[in-house]
Amino acid sequence: MKKIRAKVSVLFMFFSILFTVCLIGANLLETKQIAVGPINLTGGLLIFPISYIINDCVCEVWGYSKARLLIWMGFLMNFFFVSVCALCDIIPGAPYWDNDAGFHSIFGLAPRIAAASFIAFIAGSFVNAYVMSRMKISSKGKNFSLRAILSTVFGESTDSIIFFPLALYNVIPDAEIPVLMFWQVVLKTSYEIIALPITIRVVKFVKNYEQEDVYDNSISYNILKIFNL
C-alpha cells in the first residue's frame, strides 16, 4: 500500500510554536504587576496580545480551519504546562530547598484563575478568528487593517468579560472589575494597532511564500471539528 505523506508548512509550524510560547509566557509574566504610567497592569500584557496577532495572520492566510487547529493546540500545550507546574508545586521540596514561596508565587496558579484563563482564552480566540474570517468574506479580502483591529476588539472584549468576573469576583472591589476590563481591551487593541504595519508585511510575505489566501466559504465554524482542514 502506498503511503501518502502530508506536507507541513514550515511557516505554519513556526507560527504554532510562537503562539504556544506566547500563551505559556503570558501565564508566567502574569505573576508580576507592572506600572505603565498611572495604570497598573500584569506583565502578561507584554506578550499575550501577540497571540491575537498570530491568530489574525493564520486566519487570514490559511483560513479559520487552521486557526481552529492552532487555538486548540495552544490550549492543550498551555494546559499541559500549567498542569505540570501545579503538580511540581504540590510535590514537597527537597530538604535543602528553601524557595517554596517564590516557586509557588510564579508556578502555583490558583485553580479558579487557571479555569477562568482557559475559558476566556478559548472564547476570545475563537471569536477573534470568527470575526476575522467572516469579515474577509464580506469585504472580499479588502481592508485587512480594519478586520485585524475589529477582530481583536471583539476577541479581547470576550476574553475580558469572561476572565475578570470569573477570576476576581469577591477578590477585588466590584467597581474595579469594569475598569480592569476596559483598560485590558484598550491597551491590547492599541498593541495590535502599533504592531499593524509589521503584521501587514508579515501577512503579505507569508501569502506570497505559501501561495495561499484562503476564503472560508461553506466551512463549519464548529469549534470542535478540529481536524476538518
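For the reader, a short list of remarks on this structure follows.
- For the chain, the Cα gyration tensor yields ellipsoid semi-axes of 32, 23, 16 Å (square root of five times each eigenvalue, largest first, whole Å).
- Square roots of five times the Cα gyration tensor eigenvalues for region 42-136, Å: 34, 12, 11
- Rg and Dmax over the alpha-carbon atoms of region 4-47 stand at 16.1, 58 Å.
- Normalised alpha carbon radius of gyration of region 1-90 [divisor 2.2 N^0.38 Å]: 1.35
- Estimated dipole of the chain in Debye, rounded to 20 [Cβ of Lys and Arg +1, of Asp and Glu -1, Cα centre]: 1260 debye
- Across the chain, the mean sequence separation of Cα contacts (distance under 8 Å, 6 or more residues apart), normalised by length, yields a relative contact order of 25 percent.
- Solvent-accessible area of the chain (1.4 angstrom probe, protein heavy atoms only): carbon and sulfur portion equals 70 percent.
- Nearest-20 debye value, region 111-229 charge dipole, Cβ charges on Lys, Arg, Asp, Glu: 420 debye
- Taking every DSSP helix (H) stretch of at least 4 residues in the chain, weighting each as -39,500 (n - 2.57) and dividing the sum by the residue count yields a mean residue ellipticity at 222 nm of -24000 deg cm²/dmol.
- Shape parameters for region 105-186, alpha-carbon atoms, Rg then Dmax in Å: 15.1, 48
- Given K136/K188; K140/K225; K32/K204, the pairs whose alpha carbons are separated by over 31 Å: K32/K204
- Under the combined filter of DSSP loop state and at most 14 neighbouring Cβ atoms within 10 Å, region 20-74 retains none of its chymotrypsin sites (Phe, Trp or Tyr not before Pro).
- Here the label points at Q33 and K142, each 7 Å from Cα along the C-beta direction, are separated by 4.8 nm in the simple model.
- Each of I17, V186, Y209 was scored by the projection of its Cα onto the charge dipole of the chain, and the greatest displacement toward the positive side belongs to Y209; charges sit on the C-beta of Lys, Arg, Asp and Glu.
- Euclidean distance between Cα centres, region 54-82 to region 90-120, Å: 26 Å
- Once the Cα gyration tensor of region 153-229 is diagonalised, semi-axes √(5λ) in Å: 34, 20, 8
- For region 34-80: span of alpha carbons on each principal axis (Å, largest first): 41, 27, 9
- Computed across region 130-171, the Kirkwood radius stands at 11.5 Å (inverse of mean 1/r, all Cα pairs).
- For the chain, the longest principal axis of the C-alpha atoms and the axis of helix 64-90 are separated by about 20°.
- The C-alpha atoms of the chain define a longest principal axis, and helix 144-168 lies at about 30 degrees to it.
- Among V202, V82, V179: highest mean-square fluctuation, GNM of the chain, C-alpha pairs under 10 Å: V179
- Angle of helix 10-29 to the longest C-alpha principal axis of the chain, folded into 0 to 90 degrees and rounded to 10: 20°.
- T152 sits among other residues whose Cβ lies under 14 Å from its own Cβ, and their net charge, with Lys and Arg +1 and Asp and Glu -1, is -3.
- Sum of side-chain charges, L46 neighbourhood, beta-carbon under 12 Å (Lys, Arg +1; Asp, Glu -1): +1
The values are calculated or read from the model by the stated rules, or taken from the named source; none is laboratory data. Predicted model, so just to flag it, every value in this text is computed and none were measured. Using ideal geometry, Cβ is built from the backbone for each residue, glycine included, and neighbour counts are taken over all protein chains shown. Surface accessibility is based on the protein's heavy atoms, side chains included, excluding ligands, DNA and RNA. Shrake-Rupley method; radii C 1.70, N 1.55, O 1.52, S 1.80 Å.
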